[in-house]
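The structure appears below as structure tokens.
Since every read-out is calculated from the coordinates, none of them should be taken as a lab result. Note that the structure is predicted; figures quoted are calculated from it, not measured. Glycine also receives a Cβ, built like all others from the backbone with ideal geometry; neighbour counts cover every protein chain displayed.
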Amino acid sequence: MSGGFERDVEEFSRGARALIVLPDMGGSARDADARLAETAGLALAIGVEVQERVALRVRQPRAATLIGSGQVEALAETVRDQELQLAVFDAALTPIQQRNLEKGLGCKVIDRTGLILEIFGERARTAEGRLQVELAHLDYQAGRLVRSWTHLERQRGGFGFLGGPGETQIEADRRLIRDRMARLRRELESVSRTRGLHRDRRQRAPWPVVALVGYTNAGKSTLFNRLTGAEVMAENLLFATLDPTLRQISLPGVDKVILSDTVGFVSELPTQLVAAFKATLEEVVSADLLVHVRDIAHPDTQAQADDVEAVLSEIGVDEATPRIEAWNKLDLLEPEDRTELEGEASHRDDVVAISALTGEGVETLLRTIADRLTQGHRRYRIALAPEDGASAAWLHAHGEVVDHWMEESRALYDVRMAPTDYERFLTR
């Protein structure tokens, strides 16, 4: 890079003073202030200090800089006056646009995709999660003509696929990147096969899988913790949860249910991440029931819900997969809005209004999940030998034992279960 932007990469660290820029090209159903707030939240998630937020009307996107030259000059003045070190663009920038904006603004520039990748790189905890993030990073970096914000990776140990300080991304050996990506894909395919084996074992058990899905920061992890007693990271941060978490719970009429907490979705989720995280999201694809947790107090709640459905479609979730919407964060609503919303939810059998934080409505949600999972269950009368404890235990594990009694030399059970489970019982 040339011009006034020859800076030591280590200048840009956690605590960097930043400007959020929203190039508004029209046609979005989202509120501009809400979009700026979301991007500021993404930046906050990696420790950036947001000093300024600006929405710019872009009538004709420029190939060189996306925004107009006058807008670049105005932003450069803001950067100089406030001594900012970073500009975060809530848009997808081409490598050329990123380079030209860095020259024009005199500070580091990162786009929405790069920002989300930074968050994922910092949050991945499991070996699988780090593999997925590294693959997505490599895919993104392979086409970059400028260095991305890789200093954070070095500070936290990094992935080891980029050069040391002073090297520019353009000097990276792209053949080595491609080879590394091929190795990562093979490792992730192995992970996917292992998940498939685990899933097959559960289906033979079988225990239904209920996946919590939703927009990032909608309250999935708070709800997961309340339902399971787990201690999954649940903070008011975007992408607080990255690696999937599975726990076993019991419901009325369903002895065991596997509950899955998944990564939150976000609008314009980078395609690199959708592709890389398919192994993790297979838990969602194969789920028996989806609980779509919505932040019903958010001004863009409907647009967020649409984004979630779009990602579900993209990763291959069958439209026929049963869904329940949990309208979360009742506690944040004004009394009038809350009354109206609860009335609307009461007239729908696929919606439950809740507050995961206070626990309101959660018991109703559990009953609704149980009812949906046991739809189609039938009642069977089964006779067993009194000493056949293994079969009796199987009935208790896979169905709801409504009644049981002794008659002559037989133990009789009235059991409510799915027809498929009854067939499996007969073939044991």
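Worth pointing out:
- Computed over Cα pairs, the Kirkwood radius of the stretch 302-371 leads via Stokes-Einstein (1.306 mPa s, 10 °C) to a diffusion coefficient of 119 µm² per second.
- Residue order for His396, His377, His347, fewest other beta carbons within 10 angstrom first, comes to His347, His396, His377.
- Ranking of Leu412, Leu333, Leu365 by count of other Cβ atoms within 10 Å, fewest first: Leu412, Leu333, Leu365
- Ranked for footprinting exposure by Cβ neighbours inside 10 Å, fewest first, Met406, Met181 give Met406, Met181.
- Extension gain for Ile315 to Ser391 (0.36 nm times residue separation, less C-alpha to C-alpha distance): 23.5 nm.
- Counting only the Cα atoms, the stretch 378-426 fills a convex hull of 61 Å³ per residue.
- Kirkwood Rh and Cα Rg combined as Rg over Rh, evaluated for the stretch 247-397: 1.05
- Gap separating the Cα centres of the stretch 316-351 and the stretch 16-66, nearest whole Å: 30
- A simple charge model with +1 on the Cβ of Lys and Arg, -1 on the Cβ of Asp and Glu and nothing else charged puts the dipole of the stretch 378-426 at about 220 debye relative to its Cα centre.
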